[in-house]
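Report on the following structure.
The values are calculated or read from the model by the stated rules, or taken from the named source; none is laboratory data. Treat the numbers as computed from the prediction; the structure is a model and nothing was measured. Cβ placement follows ideal geometry from the backbone for every residue including glycine, while neighbour counts extend to all protein chains displayed.
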Amino acid sequence: MEITLAAAPPVILASKSAARAQLLRAAGVPFTQAEALVDEAAAREALQAEAVPVEEAAIALAGLKAAFVARQAPEPAIVVGADQLLELEGAWLEKPKDAAAARAQLAALRGRRHRLVSGVVAFRGNSRIWQHVDVARLWVRNCSDAFLDRYVAAAGPDILACVGAYQLEGLGAQLMARVEGDWFTILGLPLLPLLQFLRDQGVLLR
């Protein structure tokens with residue numbers, strides 16, 4: 001059930017992400033979605049080339065999406081953009097393009113710790129009015145080649161939409177030896193700070 005104020009500003013999620021939309025919907029946030037038509041890959045490559053810290057990069061990419069949609073959104077809409085990066089010992093992994101790439105990512109993560117960095121930014125018009133970044137740390141167990149082969153086959157194409165090629169809420173849990181951090185951050189959206197921001201903006205009741 002959505003709990004909102006009568007004159008609350010509309011919220012627009014600057015993403016077509018089904019996972020982020022489901023998180024907001026389940027939390028009772030009223031929103032619409034609009035795709036941010038930006039070249040994320042080029043922006044990510046530029047940030048990497050400039051050696052931008054991964055936390056700053058996640059915020060920059062989230063802001064890029066929010067700013068694009070906000071330029072076309074009516075006042076006083078609040079536009080929310082989000083992005084998640086996976087950092088493995090200084091390298092950034094991208095979403096795998098196929099099952100072979102997913103298998104290769106998992107082999108690289110095996111027996112090592114990586115970080116999931118999730119950034120969220122809010123715009124109103126041309127103004128950035130809020131941002132937040134959070135980090136979760138995950139250790140992939142030293143699983144066998146046979147397990148990785150079976151996992152990729154069983155998990156199916158859904159893992160291609162996930163950086164790191166796993167969904168922790170599903171079979172991906174079997175990959176992990178240890179997890180530290182906020183559950184929502186792992187799923188790609190620091191939800192609790194975002195909900196507080198929306199309460200401060202009058203979108204949700206205090």
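Of note:
- Here D158 fulfils each of the conditions (1) part of a helix (DSSP H, G or I); (2) touching a residue at least 40 places away in the same chain (Cβ under 8 Å) apart from (2).
- Filtered by the rule that a residue be in a loop (DSSP other than H, G, I, E, B), of a type in the set (S, T, N, Q) and either in contact with a helix residue (DSSP H, G or I) (Cβ under 7 Å, 6 or more places away or on another chain) or modelled with pLDDT of 95 or more (or both), the stretch 1-29 gives a lone residue, S15.
- Hits in the stretch 140-155 - residues which are within 25 Å of T185 (Cβ to Cβ) and part of a loop (DSSP other than H, G, I, E, B): R141, N142, C143
- Flag if R137 is basic (K, R), at pLDDT 95 or above and either part of a strand (DSSP E or B) or touching a Leu at 6+ places or on another chain (Cβ under 6 Å) (or both): yes
- Residues that are under 21 Å from L187 (Cα atoms), in contact with a Leu (Cβ under 9 Å, 6 or more places away or on another chain) and touching a residue at least 60 places away in the same chain (Cβ under 8 Å), drawn from the stretch 58-82: A58, V79, V80, G81, A82
- Breaking point among (1) surrounded by 13 or more Cβ atoms within 10 Å (Cβ to Cβ); (2) under 16 Å from the mean Cα position of the chain (by Cα), for A18: (1)
- Some residue of the stretch 86-103 being modelled with pLDDT under 95, within 13 Å of the chain's Cα centre (by Cα), in a loop (DSSP other than H, G, I, E, B) and farther than 28 Å from N142 by Cβ: no
- Residue tally, condition part of a loop (DSSP other than H, G, I, E, B), under 15 Å from the mean Cα position of the chain (by Cα) and either among the aliphatic types (A, V, I, L, M) or surrounded by fewer than 19 Cβ atoms within 10 Å (Cβ to Cβ) (or both), over the stretch 161-184: 7
- Check on L189, assigned to a loop (DSSP other than H, G, I, E, B), surrounded by 14 or more Cβ atoms within 10 Å (Cβ to Cβ), in contact (Cβ under 8 Å) with a residue 24 or more places away in the chain and of a type in the set (A, V, I, L, M, F, W, C): yes
- Qualifying residue in the stretch 147-162 (condition: under 24 Å from Q48 (Cβ atoms), of a type in the set (A, V, I, L, M, F, W, C) and in contact with a strand residue (DSSP E or B) (Cβ under 7 Å, 6 or more places away or on another chain)): no
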